[in-house]
1. Name every residue in the stretch 81-101 that is exposed (fewer than 12 other Cβ atoms within 10 Å of the Cβ) and at pLDDT 80 or above, in order of residue number.
2. Can you name every residue in the stretch 62-101 that is under 23 Å from Leu40 (Cα atoms), part of a loop (DSSP other than H, G, I, E, B) and not hydrophobic (A, V, I, L, M, F, W, C)?
3. Taking Val47 as the residue in question, decide whether it is farther than 18 Å from Asn88 by Cα, modelled with pLDDT of 85 or more and within 16 Å of the chain's Cα centre (by Cα).
4. Suppose the filter is modelled with pLDDT under 90 and over 19 Å from Trp31 (Cα atoms); does Asn59 pass it?
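The values are calculated or read from the model by the stated rules, or taken from the named source; none is laboratory data. Keep in mind it's a predicted model, so treat the numbers as computed, not measured. Counting neighbours? That spans all protein chains shown, and the Cβs are built from the backbone with ideal geometry, glycine included.
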Amino acid sequence: MEKGPVYKATTEPAAKAPRRCPLGCTLRRLWGWRLLVKALQVILSLVAVVCEEIVEDCNPCSGLYLFEFISCSAFLLSILILCAYCTNLYESLGKDKVKKL
C-alpha cells in the first residue's frame, strides 16, 4: 500500500528538551543582595541551632525549648525557601504557589 497524504513527514522539527544543570540548580530567580540575605538567614539559623545545643544545664528550660523550636523551624524553612528558589521546583510548583510558601 502506498503512503498517502496522512503519512507525510511533519513540518515541525522535533524540539529538543532544554539543557538543565545537574540537580536543576540555578541562580536566575535569586541573585544579588537577595541571595546574600537568604544565605545569611540559613547560616544564622544554623548557628542558633548549634548554640542552643551547646547549653548543657539550665534551671527554667521552657525558654530554651521555645528557642530550640523557633531556631530549628527557621533553619528548616529557610533551607526549603532557598531550595525552592534555586532549583527547578520553582517552575514545577508555579510562581503563585512559591510566593504563598
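1. Asp96
2. Thr87, Asn88
3. Values: farther than 18 Å from Asn88 by Cα: yes; modelled with pLDDT of 85 or more: yes; within 16 Å of the chain's Cα centre (by Cα): no.
The answer is no for Val47.
4. Numbers: modelled with pLDDT under 90: yes; over 19 Å from Trp31 (Cα atoms): yes.
So Asn59 passes the test.
Conditions tested, residue by residue: (1) among the aliphatic types (A, V, I, L, M); (2) in contact (Cβ under 8 Å) with a residue 12 or more places away in the chain.
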position: Gln41; (1), (2): no, yes
position: Val50; (1), (2): yes, no
position: Ile54; (1), (2): yes, no
position: Asp57; (1), (2): no, no
position: Gly63; (1), (2): no, no
position: Ser71; (1), (2): no, yes
position: Lys95; (1), (2): no, no
position: Lys99; (1), (2): no, no
